[in-house]
Amino acid sequence: MVKRIVKALLPDSVKETLRQRRNEQRERDFRRHPVVTMQCGEYTLEIPSNHLLREWSASQPFRDRCVGITAKFMVEKYRDATVIDIGANIGDTAAIIASYAKPRKLIAVEASDFFFRFLERNVGKLPGDVVCRRALVSDRAESISGSLAHWGGTASFKSGSGDESVPSVPLRDLVDDRTVFVKTDTDGFDFKICLGAIDWIAEARPAVLLEDQLSGEQDRELADTLFKRLNEVGYRNFAVWDDQGFMLLATSSLEILADLHRYLAKIAQHKGHKSIYNYDVLCLHERDQDVFEKVCQYYREN
């Protein structure tokens, strides 16, 4: 109680200095942990010993399976396919994709230099043509002022923090003309990435599986805008999973998606225990109704 009162009385500049020091210490602690291995799908990956994936692999065994299942049915339909994995981290979702499907080409994109070193080593074990790109993906090509903060199992970009200038690239500059599936998990940048690439998405009509993570009302507006734009260019089918990997629903209704966003925004603002942090949402163009039905059928049976 006394500590909270003293903290509340501190000037904002002092609070910010203390916060930055805590974050710097947390990042140093994260980076110094030893390297171990873990099984991810059919592959054994190197991973920092304090990475949260090691805990999640036991407590949330279905997490990210939707990425592999979507890849499986998209690659079966489009056999000369390219799959792009944005926010590839240490290569865990790339390994899941390779376990369920064998795309002609896999492009794995990661912004963090720390995780990128693991990614390069780990994807060397995967079959086919695997290309690693170190890049911060955003809605346009520019240099963004900010820094990457590492914690647990992620590297979150904090714009305006630190004095680092990080170059960013739009999605369209990473894909090729055979890209049929885009997975993106970038801790809050996903809506901007997809909205910035909406013209390419309308043209190429890939399956898009994004992390639906909201921090407040501004993110909710972005999310609702994105799904409205996707619907306008022919995306009629949406499947939603919770952050543990269990399918919540399959729908063509934008109103239902808006209700889910309203719920998630409320949860994000809640200061107590959170039961859910984000969704994974698969967006499929109407031409891939058959893929949508196969994905839904898989989750009804498994």
Can you give me the number of residues within segment 82-121 that are charged (D, E, K, R), in contact with a Lys or Arg (Cβ under 9 Å, 6 or more places away or on another chain) and crowded, with 24+ Cβ neighbours inside 10 Å? 2
Can you tell me which residue among LEU254, LEU226 is surrounded by 18 or more Cβ atoms within 10 Å (Cβ to Cβ) and of a type outside the set (Lys, Arg)? LEU226
Residues that are assigned to a strand (DSSP E or B) and within 21 Å of VAL67 (Cα to Cα), drawn from segment 167-186: THR179, VAL180, PHE181, VAL182, LYS183, THR184
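Quick one: would you say TYR279 is under 19 Å from LYS192 (Cα atoms) and not acidic (Asp, Glu)? First the steps, then the outcome.
Details: under 19 Å from LYS192 (Cα atoms): yes; not acidic (Asp, Glu): yes.
So TYR279 fits the description; yes.
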Which listed residue is touching a helix residue (DSSP H, G or I) at 6+ places or on another chain (Cβ under 9 Å), in the same structural domain as CYS194 (by TED's automatic domain parsing) and more than 18 Å from ASP212 (Cβ to Cβ), from GLY234, GLY272, GLY245: GLY234
Would segment 152-160 turn up any residue that is loosely packed, with under 14 Cβ neighbours inside 10 Å, part of a loop (DSSP other than H, G, I, E, B), at negative phi and at pLDDT below 90? no
The residue from VAL240, VAL291 that alone is hydrophobic (A, V, I, L, M, F, W, C), touching a strand residue (DSSP E or B) at 6+ places or on another chain (Cβ under 8 Å) and surrounded by fewer than 20 Cβ atoms within 10 Å (Cβ to Cβ) is VAL240
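Do you know which residues across segment 187-203 are in contact (Cβ under 8 Å) with a residue 40 or more places away in the chain, in a helix (DSSP H, G or I) and closer than 20 Å to ASP64 by Cβ? Step through it out loud before you land on a result.
First, the residues of segment 187-203 that are in contact (Cβ under 8 Å) with a residue 40 or more places away in the chain: 187, 189, 192-193, 195-197.
Still in the running and in a helix (DSSP H, G or I): 192-193, 195-196.
Across segment 187-203, the qualifying residue is only ILE193.
The values are calculated or read from the model by the stated rules, or taken from the named source; none is laboratory data. Every value quoted in this text rests on a predicted model; they were computed, and no experiment measured them. No Cβ is skipped: glycine too gets one built from the backbone with ideal geometry, and neighbour counts run over all protein chains shown.
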